[in-house]
Amino acid sequence: LLAGVLLGLALANKPWAVIAVIPLLAILPDRRPRMLAAAGTTGLLVMLPLLLGGTAVEATKAVAQDGGAIFQPWQIWWFLGEHGETVRGIYGSYPDHRNLPTWLSGHERQLVVAIVLGASLLLLPRVRRRGWPDGLLLLAFALQLRCLVDTWNVSYYAVPLVIALVTWELHAFRRPPVLSLAVTLCAWLSLVWLPKYALPDVQALAYLAWAVPLTGLLGARLVWGERLRLQPALDGWTSPTGIR
């Protein structure tokens, strides 16, 4: 019930929360109707005043259908864009920037949702057989895949990914969340620190160098389960309190 209420609030706040629906179905296999009913009711109660008297719904629909000209270096489509005129923003000009490919323009938001939901659906049968901790991993995978394929990707998109990943690591391994710490550091270096010193193409290469392997690693873990260990170097680690 609580998960459904939180999902409804998230969906009412930003429709991107739809990518969390399938992982939640994997985490709560026995209470899906209650969770979905709570999400729908909560979302409707929050959105009803806006539906009746506001313009927020129309604005959200417009953004969902058209991502505009925003095209960030930290996503998988970057090198498919072409160099054009110097891009200008509120902080000045951005030399050596690429433009959104014309074939992608107007469809990028729908494409992101289709890719993430499609991949999550393909992995759902395997996750469902192994229990709720892998549902958390599926949520982390979906959030990471969203970052990788979203042309708008910015640093704060990684925050829910890290939260889901560290929660899964603590439940699955009972040891320091080394992977989550590494992802946090890589995200900060490539999305926050590096843009001050490097051209966009270099930023894109730096991001893809860790984001693509991370996505593949999470997906492989979901497919093969515990047969693929994400932290073999820490298998014998013992904390000062004696917890292995």
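The values are calculated or read from the model by the stated rules, or taken from the named source; none is laboratory data. Please read all numbers here as calculations on a predicted model, not as lab measurements. Glycine also receives a Cβ, built like all others from the backbone with ideal geometry; neighbour counts cover every protein chain displayed. These area figures cover heavy atoms from the full protein model, side chains too; ligands, DNA and RNA do not enter into them. Shrake-Rupley method; radii C 1.70, N 1.55, O 1.52, S 1.80 Å.
Annotations for the structure displayed:
- Unmet criterion (only one of (1) open to solvent by less than 50 Å² (accessible area, probe 1.4 Å); (2) among the polar types (S, T, N, Q); (3) under 15 Å from the mean Cα position of the chain (by Cα)) for SER190: (3)
- Qualifying residue in the stretch 33-42 (condition: modelled with pLDDT under 90, touching a helix residue (DSSP H, G or I) at 6+ places or on another chain (Cβ under 6 Å) and either open to solvent by less than 80 Å² (accessible area, probe 1.4 Å) or more than 16 Å from ARG128 (Cβ to Cβ) (or both)): no
- For the stretch 132-162, the tally of residues that are over 13 Å from PRO23 (Cβ atoms) and either β-branched (Val, Ile, Thr) or open to solvent by less than 40 Å² (accessible area, probe 1.4 Å) (or both) stands at 11.
- Within the set PRO200, PRO177, the sole residue that is in contact with an Asp or Glu (Cβ under 8 Å, 6 or more places away or on another chain), surrounded by fewer than 23 Cβ atoms within 10 Å (Cβ to Cβ), at pLDDT below 95 and within 17 Å of LEU214 (Cα to Cα) turns out to be PRO177.
- Some residue of the stretch 89-110 being part of a helix (DSSP H, G or I), open to solvent by 40 Å² or more (accessible area, probe 1.4 Å) and not β-branched (Val, Ile, Thr): yes
- For the stretch 7-32, filtering for residues that are in contact (Cβ under 8 Å) with a residue 12 or more places away in the chain and either surrounded by 19 or more Cβ atoms within 10 Å (Cβ to Cβ) or among the hydrophobic types (A, V, I, L, M, F, W, C) (or both) leaves 17.
- Selection of the stretch 124-168 for residues being among the charged types (D, E, K, R) and free of Cβ contacts under 8 Å to residues at least 40 places away in the same chain yields only ARG129.
- Residues within the stretch 1-20 that are farther than 12 Å from PRO160 by Cβ, in a helix (DSSP H, G or I) and touching a helix residue (DSSP H, G or I) at 6+ places or on another chain (Cβ under 7 Å), tallied: 10
- Residue pairs whose Cβ atoms lie under 6 Å apart, sitting 6 or more positions apart in sequence or on different chains, and linking a residue in the stretch 185-211 that is touching a residue at least 12 places away in the same chain (Cβ under 8 Å) to a partner that is assigned to a loop (DSSP other than H, G, I, E, B), are LEU191/TRP74; LEU199/ASP96; PRO200/PRO73; PRO200/ASP96; PRO200/HIS97; GLN203/PRO73; ALA204/PRO73; TYR207/TRP74.
- For VAL183, the requirement of being modelled with pLDDT of 95 or more, among the β-branched types (Val, Ile, Thr), out of contact with any Ser or Thr (no Cβ under 9 Å at 6 or more places or on another chain) and buried (at least 16 other Cβ atoms within 10 Å of the Cβ) is met.
- For ARG221: the one exception among (1) modelled with pLDDT of 95 or more; (2) open to solvent by less than 30 Å² (accessible area, probe 1.4 Å): (1)
- Qualifying residue in the stretch 64-78 (condition: modelled with pLDDT of 90 or more, in contact with a strand residue (DSSP E or B) (Cβ under 9 Å, 6 or more places away or on another chain) and either small (Gly, Ala, Ser) or open to solvent by 70 Å² or more (accessible area, probe 1.4 Å) (or both)): no
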